[in-house]
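Some notes on the structure that comes next.
The values are calculated or read from the model by the stated rules, or taken from the named source; none is laboratory data. Just so you know, these numbers come straight off a predicted model, no measurement behind them. Here the Cβ is made from the backbone with ideal geometry for all residues, glycine too, and neighbour counts use every protein chain on show.
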Amino acid sequence: MTTFSDLKTQVEVVEETYEMMLGYAAQGLEGDEGSKSGEQLRTFLENADRAIESLAETFRTVVATEKLEPQEPYLNFIEVLETDARTAGAAIRLVLAQKALSSQLIDNLNGSIHLRALLMNIFLIDEVIKLALRKK
């Protein structure tokens, strides 16, 4: 059964990846060949991509399991989340397909409106669920 804890874990994976990307972008690297931080970043990005892929479905399950009412606003937002997750995931996979991860490439990913939209959605979800569960 999917729980708020599962959703929180997915949120944390994406947030930690974003923090890792900020640090990597600040290093001014031309590429990641043989770089331990480059290997770590690729792992973080792969984990974030997996978390993003199932984020909307996890949120949908939490809404149903916790019987959050009224359901319509939650379900409408999940549609937005699905779109933003799809576009942010596509950007992450494009970056992962590159042979070299430069700091500039990662800085551009950080600045991507698609990734930023997803991050703001994640922050919003996190707070909405906390408030909803507090009221129960």
key: Test result for E15, surrounded by fewer than 18 Cβ atoms within 10 Å (Cβ to Cβ), touching a residue at least 60 places away in the same chain (Cβ under 8 Å) and more than 16 Å from the chain's Cα centre (by Cα)   = no
request  = Please specify each residue of the range 22-40 satisfying the condition of being over 11 Å from S102 (Cα atoms) and in contact (Cβ under 8 Å) with a residue 24 or more places away in the chain.
outcome  = L22
ask   = Of everything in the range 44-80 that's within 30 Å of S103 (Cβ to Cβ) and either among the acidic types (D, E) or more than 19 Å from the chain's Cα centre (by Cα) (or both), which residue is surrounded by the most Cβ atoms within 10 Å (Cβ to Cβ)?
value = D49
task = Name the residue, out of N76, N47, that is among the polar types (S, T, N, Q) and closer than 22 Å to T9 by Cβ.
result = N47
query = Somewhere in the range 28-43, is a residue in a helix (DSSP H, G or I), at pLDDT 90 or above, surrounded by 12 or more Cβ atoms within 10 Å (Cβ to Cβ) and among the small types (G, A, S)?
reply = no
ask   = From the residues in the range 84-106 that are within 16 Å of the chain's Cα centre (by Cα) and more than 12 Å from I52 (Cβ to Cβ), which one is surrounded by the most Cβ atoms within 10 Å (Cβ to Cβ)?
value = I106
